[in-house]
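In what follows, a single structure is set out as structure tokens and then discussed.
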Amino acid sequence: MDAAENQFMMFKDAGLLQELVEESTSAKSIFNACDCEPISNYCEINGDVAVQGNSSTISMVSLRTGIPAGEISWTVKPYVRKENAAAMDLVKSWAVTSMEFLHCDLIQTVPAILFSLGGFSGNHFHDFSDLVIPLYITSRQFNGEVQFVVTDNRHWWISKFRGILAKLSRYNIVDIDQERKTHCYPSMIVGLKYHHELGIDQSMSQLSMKDFRQFLRRTYSLKRAKAIEIGDDARKMPRLLIITRRKSRSFTNIDNITRVASSLGYNVVTMEPNISTSLGSVAETVNSCDVLMGTHGAGLTNMVFLPDNAIVIQIVPLGSIDELAKQDFEQPAMDMELRYLEYKIKAKESSLISKYKADHLIIKDPLSVHKQGWDPVRSVYLDKQNVKLDVKRFRPTLLKALQLLHQ
């Protein structure tokens, strides 16, 4: 008998079989919560499981499941947004099967979580909303005693979030698609728990976004837990961070915005996070500020690093995307114990006014564009629009933020 055969998990052993029969473990107890999550593909597999990367197969013992050996009982794409075809097209499908016994090349003693780094990874908002926060929700219960098994691996993603990943698991990450050996675990979670955009629903978890933000502060050794309290001390200058963008929804008069904010008593900082900027550096900069402002977009995701009671100002571009703005950033900001202000631009503040006449439907009736579907909305209002803030009109919003910092 060779070394590999020595590592067989021989569930055909008569004594163990008798024990399993007496337990009468039902398929329902093996598959806990399979595919019942409304947004994410998710399943808890209780009991020994083998994972084969070269065949994208997850196997369990047929005696435990009641499913004949060799049959596929379930297929899954382990990523959230299971109803989004565009995301799912970028995620590998895995088959969950049953076997008479499991062959293991590597036997692990801790549970595993298998999830995909495909989908919309690479977009900073989706990195947090689809992956980091769901991974935190799913893995925190193990207190580091869990191994992450990733499919559709993106090495740059692992590098970007290495600090967070190391705090959630004490074990090396397995790039399962590249593995020829079969990995076996005492149990496995396939997919990640997802609650809502950039957030945690406390009715569904013992965790909260307050817990998550404290976790981030410890991970990146962030110094500030609370934003500045100006009170009656006029010498205190709150730091205002303006998130800039290079391609779309960029501020075309950033100098004017900075000048007005400075005249009101802000210490103004600008930042354009990019792929070459380390997440730790971004976290430190954001945490040092009291007010964060930016146009609707992924850059506002960095509010997760703000101190408590800080202020988020979302600039909502033309396009009737109010619901999107609320869902993506307004509600999450309040869940994070941040204060939220919103500034909706007028047509004259949009670069679209130079492309279309004032009576064009794109300008006067954005909802008519919405009726054509998401792609036209994204193309026109998100991908092809920049912002020139009317600083006189915007000034009261900056003053309101100052007023809040005095409270």
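The values are calculated or read from the model by the stated rules, or taken from the named source; none is laboratory data. Bear in mind the structure is a predicted one, so any value in this text is a computation, not a measurement. No Cβ is skipped: glycine too gets one built from the backbone with ideal geometry, and neighbour counts run over all protein chains shown. Note: areas computed on protein heavy atoms with side chains; ligands, DNA, RNA excluded. Shrake-Rupley method; radii C 1.70, N 1.55, O 1.52, S 1.80 Å.
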**Request:** Would you mention how many residues in the range 54-99 are modelled with pLDDT under 85 and basic (Lys, Arg)?
**Result:** 1
**Message:** Give me the residue from the range 374-407 that is modelled with pLDDT of 95 or more and part of a loop (DSSP other than H, G, I, E, B) and, out of that set, nearest to residue 308 (Cα to Cα).
**Reply:** 389
**Prompt:** Residues in the range 257-266: is at least one open to solvent by 20 Å² or more (accessible area, probe 1.4 Å), at pLDDT 95 or above, of a type in the set (A, V, I, L, M, F, W, C) and not assigned by the TED database to the domain that holds residue 159?
**Reply:** yes
**Message:** Please verify whether residue 96 is among the hydrophobic types (A, V, I, L, M, F, W, C) and part of a loop (DSSP other than H, G, I, E, B), treating the condition exactly as stated.
**Reply:** no
**Asked** Considering 251, 212, which residue is aromatic (Phe, Trp, Tyr) and within 23 Å of the chain's Cα centre (by Cα)?
**Response** 212
**Request:** Scan the range 348-372 and report the pairs whose first residue is exposed (fewer than 12 other Cβ atoms within 10 Å of the Cβ) and whose second residue is hydroxyl-bearing (Ser, Thr, Tyr), with Cβ atoms within less than 7 Å and a gap of 6+ or a chain change.
**Result:** 361/368; 367/320
**Message:** I need the helices (runs of 4 or more DSSP H) fully contained in the range 272-336, keeping only those with at least 3 residues that are open to solvent by less than 30 Å² (accessible area, probe 1.4 Å) and in contact with a helix residue (DSSP H, G or I) (Cβ under 7 Å, 6 or more places away or on another chain).
**Reply:** 279-287
**Request:** Go through 200, 176 for me and flag whichever is touching a residue at least 12 places away in the same chain (Cβ under 8 Å), assigned by the TED database to the domain that holds residue 81 and open to solvent by less than 30 Å² (accessible area, probe 1.4 Å).
**Result:** 176
**Asked** Within the range 181-189, is there a residue that is under 20 Å from the mean Cα position of the chain (by Cα), open to solvent by less than 70 Å² (accessible area, probe 1.4 Å) and closer than 25 Å to residue 39 by Cα?
**Response** yes
**Request:** Check residue 342 against each of (1) surrounded by 18 or more Cβ atoms within 10 Å (Cβ to Cβ); (2) acidic (Asp, Glu); (3) outside any helix (DSSP H, G or I) and name the one condition it does not meet.
**Result:** (1)
**Message:** Report every pair of residues separated by at least 6 positions or lying on different chains whose Cβ atoms are under 6 Å apart, first residue within the range 102-118 and in contact (Cβ under 8 Å) with a residue 24 or more places away in the chain, second among the small types (Gly, Ala, Ser) and open to solvent by 10 Å² or more (accessible area, probe 1.4 Å).
**Reply:** 111/187
**Request:** Please state which of the following conditions residue 214 fails to meet, knowing it meets all the rest: (1) in contact (Cβ under 8 Å) with a residue 40 or more places away in the chain; (2) out of contact with any Leu (no Cβ under 7 Å at 6 or more places or on another chain).
**Result:** (1)
**Request:** Might you check whether a residue that is surrounded by 14 or more Cβ atoms within 10 Å (Cβ to Cβ), among the aliphatic types (A, V, I, L, M) and closer than 25 Å to residue 134 by Cα occurs anywhere in the range 211-218?
**Result:** yes
**Single match in 233, 322 (criterion: modelled with pLDDT under 95 and of a type outside the set (Ser, Thr, Tyr))** = 233
**Asked** Are there any pairs with C-beta distances below 7 angstrom linking a residue in the range 261-287 that is hydrophobic (A, V, I, L, M, F, W, C) to a residue that is open to solvent by 50 Å² or more (accessible area, probe 1.4 Å), with the two at least 6 apart or on different chains, and if so which?
**Response** 264/399; 268/262; 269/239; 279/160
**Request:** Would you confirm whether any residue within the range 241-253 is assigned to a helix (DSSP H, G or I) and surrounded by fewer than 22 Cβ atoms within 10 Å (Cβ to Cβ)?
**Result:** no
**Among the candidates 133, 113, 107, residue that is of a type in the set (Val, Ile, Thr) and either at pLDDT below 95 or open to solvent by 10 Å² or more (accessible area, probe 1.4 Å) (or both)** = 107
**Item:** Test: residue in the range 216-227 that is closer than 16 Å to residue 292 by Cβ, in contact with a helix residue (DSSP H, G or I) (Cβ under 6 Å, 6 or more places away or on another chain) and of a type in the set (Val, Ile, Thr)
**Value:** no
